[in-house]
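**Student:** Dumping the structure here so I can ask a few things about it.
The values are calculated or read from the model by the stated rules, or taken from the named source; none is laboratory data. Note that the structure is predicted; figures quoted are calculated from it, not measured. All Cβ positions, glycine included, derive from the backbone under ideal geometry; neighbour counts span all protein chains shown. When the accessible area is computed, the model is the full protein with side chains, heavy atoms only, and any ligands, DNA or RNA have been set aside. Shrake-Rupley method; radii C 1.70, N 1.55, O 1.52, S 1.80 Å.
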Amino acid sequence: MTTPTPIEEPPDFSLVLGGPLFQMFRRAHLSGPALELVHRRMLVIPLFAWLPLAVLSTMKGHLFGSQTLGFVYDIESHVRLLVALPVLIYAELVVHRRISPVLKRFLERQVVTSEDTPAFHAAVAVATRLRNSPWLELALLLFVYTVGHWVWQNQVALGAATWYAVPEGASMHLTPAGYWYGFVSIPIFQFILFRWYLRLVIWFWLLWRVSRLNLHLVPTHPDRAGGIEFLGENSYAFAPILFAQGALMAGLIASRIFYQGQSLLSFKVTIVALIGFFVFVILGPLTMFTPHLFRTKRAGLSAYGTLATVYVDDFDDKWIRGGAKGEQILGTADIQSLADLGNSYSVVREMRLVPFALSDVGLLVAAVALPVLPLVLTIMPLEELVNRLIKIVF
């Protein structure tokens, strides 16, 4: 008997457990070594961004507003800082716990062969250095205070008089609360959001490197994805990020509906397009494994098709054409073997060309769309909506 080759220890990689911001949180006692104290971060950071706005708006008489949009009624800002921002912070813990084991499964399931293990570990090492790079986060901070601030001021901010700014010709005159909002609150939110985009780029770059290896996929694996469906199954870890994006989209649309007189129906194309885009951002890169899955399925259909032909031909000779005279067919193992072979071939035929299922798509779509659903009440009374739902169900 030969001794099996021991599996090398899987890499301990976390997509979020590192970087200058993480180290700053640890020194400020806002995080532990494994992202503990998440509720403290969810409370302190949003309050640091939001509470001074309430205080400064009150001092200047803009809390409710008379000639301007009062702070209390600014739905977009409250959703951004009190809903989307805490969710983005909480997402770090979810992604850390759900995505970290994914890389280990490549080795535990021997999807990455022993010959490619050094290349696999080298790719993980590069991804770790990118995650920990202070230069990337410094560039991100610079981007937030230049491009990000310009986009917010010219594309996102309301054009009417508000608690944070009063339009003066083609420019905006910021109030004291507006300065805190534009130079502290918005940059904090944008930095954390864009930092997630950066982490996603690193993650998908790492998966791209893995997809370039000579992966060992099994066509008869019961997950119908050659043994790598765990990539799609764990994509729901990014659902909080998509929920935050959906909340941000809902807040922007709500502001336009309530304070600029627009209708939800005028945003239907935008909503559908953004939901599709956000889901594609998470699942689309997984199609880089499609060539592996296609080759595995094609080879499996050929191999198991040949095996089935040989077995069925022998079965036909033995039991149909009378080659097994005197033998009892009842209880014979040949019938069970024929059924097992048919099941194996069906698994290969049903093998998907992407490592995710429709249920994974539906979950991510629901995460983005959920924050937008309350806006349906702006075009349809709650009573009418309930009645229609009852008619659909019953």
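Conditions tested, residue by residue: (1) modelled with pLDDT of 90 or more; (2) of a type outside the set (Gly, Ala, Ser); (3) open to solvent by 70 Å² or more (accessible area, probe 1.4 Å); (4) in a helix (DSSP H, G or I).
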| position | (1), (2), (3), (4) |
| --- | --- |
| Ile335 | no, yes, yes, yes |
| Leu338 | no, yes, no, yes |
| Ser346 | no, no, no, yes |
| Phe356 | yes, yes, no, no |
| Ala366 | yes, no, no, yes |
| Leu375 | no, yes, no, yes |
| Met380 | no, yes, no, no |
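**Student:** Among the listed residues Leu217, Leu213, which satisfies the condition of being in a loop (DSSP other than H, G, I, E, B), in contact with an Asp or Glu (Cβ under 8 Å, 6 or more places away or on another chain) and not small (Gly, Ala, Ser)?
**Tutor:** Just a single option satisfies the conditions, and that option is Leu213.
**Student:** Consider only pairs whose beta carbons are under 8 Å apart and that are at least six residues apart or on different chains; among these, list those whose first residue lies in segment 336-356 and is within 27 Å of Met288 (Cβ to Cβ) and among the small types (Gly, Ala, Ser) and whose second residue is surrounded by fewer than 16 Cβ atoms within 10 Å (Cβ to Cβ) and modelled with pLDDT under 85.
**Tutor:** none
**Student:** Same structure, new question: Enumerate the pairs (first residue in segment 112-136 and acidic (Asp, Glu); second residue anywhere and open to solvent by 40 Å² or more (accessible area, probe 1.4 Å)) with beta-carbon separation below 9 Å, excluding pairs fewer than 6 apart on the same chain, so at least 6 apart or on different chains.
**Tutor:** Glu115/Asn214; Asp116/Asn214
**Student:** Now, a different point. Please verify whether Glu229 is buried (at least 17 other Cβ atoms within 10 Å of the Cβ), touching a Pro at 6+ places or on another chain (Cβ under 8 Å) and either within 22 Å of Glu137 (Cβ to Cβ) or among the acidic types (Asp, Glu) (or both), treating the condition exactly as stated.
**Tutor:** Spelling it out, Glu229 is indeed buried (at least 17 other Cβ atoms within 10 Å of the Cβ), touching a Pro at 6+ places or on another chain (Cβ under 8 Å) and either within 22 Å of Glu137 (Cβ to Cβ) or among the acidic types (Asp, Glu) (or both).
**Student:** Ok, one more. Please go through (1) under 19 Å from Gly362 (Cβ atoms); (2) open to solvent by 30 Å² or more (accessible area, probe 1.4 Å); (3) of a type outside the set (Ser, Thr, Tyr) for Gln245 and return the number of the only condition it doesn't satisfy.
**Tutor:** Result: Gln245 fails condition (2) only.
**Student:** Turning to a different aspect of this structure: Among residues belonging to segment 12-48 that are aromatic (Phe, Trp, Tyr) and touching a residue at least 24 places away in the same chain (Cβ under 8 Å), point out the one that is surrounded by the fewest Cβ atoms within 10 Å (Cβ to Cβ).
**Tutor:** So, considering only residues that are aromatic (Phe, Trp, Tyr) and touching a residue at least 24 places away in the same chain (Cβ under 8 Å), the one surrounded by the fewest Cβ atoms within 10 Å (Cβ to Cβ) is Phe48.
**Student:** Just a yes or no: is a residue in segment 300-312 outside any helix (DSSP H, G or I) and modelled with pLDDT under 95?
**Tutor:** No: segment 300-312 contains no residue that is outside any helix (DSSP H, G or I) and modelled with pLDDT under 95.
Quick grid of which residues meet (1) over 30 Å from Leu248 (Cα atoms); (2) touching a Ser or Thr at 6+ places or on another chain (Cβ under 8 Å):
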site	(1), (2)
Thr58	no, no
Asp74	no, yes
Val94	no, no
Leu103	yes, no
Val126	yes, no
Asn132	no, no
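**Student:** Tell me which residues, restricted to segment 313-333, are modelled with pLDDT of 70 or more and closer than 30 Å to Arg224 by Cα.
**Tutor:** Selection gives Asp313, Asp314, Phe315, Asp316, Ala333.
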